[in-house]
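The values are calculated or read from the model by the stated rules, or taken from the named source; none is laboratory data. Small disclaimer: the values here were computed from a predicted structure and weren't measured. Glycine gets a Cβ as well: all are built from the backbone with ideal geometry, and neighbour counts include every protein chain shown.
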Amino acid sequence: MLIGGALSSGTLVAPLAWLAPLRHLMPVRVLQPLLATRTALSLAFGRLPGAVLQQLAAMLEATPDALLREGARLATGYFPSLAPLCPVYAIHGDRDRLMRPPLVAGCRMVAGAGHALALSHPQAVTAFLNDVIDRTT
């Protein structure tokens, strides 16, 4: 199941894809304070309550540099050569500013949701999960 996710880095929006080759040149701890601002988090994840934005900033601060680097590497450099070997179910926000929806048949789009749709639209995600469970059991 993909919840605001992707099957490859090919779904990243253009500005992120263009920055991908530079990711190894960017010092994580220098960028971290910029990425953890309310403005940057809101641009990336959409409209979220202040407490959620504070939680995201705290999580970013607590994440070890090595994990941030590996996450950036995987997010920008994952291009699998094989198609998925199992059924894939996806839900995606129609206002996701980080990535386009995955090319998955029946991808459920959530109106008004950004990249953090599990935080902004938990009822829609719960309904999606229940529907997938009902279809697959």
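A compact table of results
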| read-out | value |
| --- | --- |
| The listed residue being over 19 Å from GLY10 (Cα atoms) and touching a Gly at 6+ places or on another chain (Cβ under 9 Å), out of HIS121, HIS115 | HIS121 |
| Some residue of the stretch 113-123 being loosely packed, with under 14 Cβ neighbours inside 10 Å and without any contact (Cβ under 8 Å) to a residue 12 or more places away in the chain | yes |
| Answer from ARG108, ARG97 - the residue that is modelled with pLDDT of 90 or more, surrounded by 13 or more Cβ atoms within 10 Å (Cβ to Cβ), more than 15 Å from SER8 (Cβ to Cβ) and basic (Lys, Arg) | ARG108 |
| Candidate set: the stretch 37-80, residues that are among the β-branched types (Val, Ile, Thr) and part of a helix (DSSP H, G or I); chosen: the one nearest to MET99 (Cα to Cα) | THR76 |
| Test: ALA58 is surrounded by 11 or more Cβ atoms within 10 Å (Cβ to Cβ), at pLDDT 85 or above, within 19 Å of LEU119 (Cα to Cα) and of a type in the set (A, V, I, L, M) | yes |
| Those residues of the stretch 99-137 which are among the aliphatic types (A, V, I, L, M) and part of a helix (DSSP H, G or I), in sequence order | LEU117, ALA118, LEU119, ALA124, VAL125, ALA127, LEU129, VAL132, ILE133 |
| Some residue of the stretch 36-54 being under 18 Å from the mean Cα position of the chain (by Cα), among the hydroxyl-bearing types (Ser, Thr, Tyr), at pLDDT 85 or above and surrounded by 12 or more Cβ atoms within 10 Å (Cβ to Cβ) | no |
| Qualifying residue in the stretch 84-98 (condition: assigned to a helix (DSSP H, G or I), under 20 Å from GLN32 (Cβ atoms) and touching a residue at least 60 places away in the same chain (Cβ under 8 Å)) | no |
| Boolean, LEU85 is touching a helix residue (DSSP H, G or I) at 6+ places or on another chain (Cβ under 9 Å) and aliphatic (A, V, I, L, M) | no |
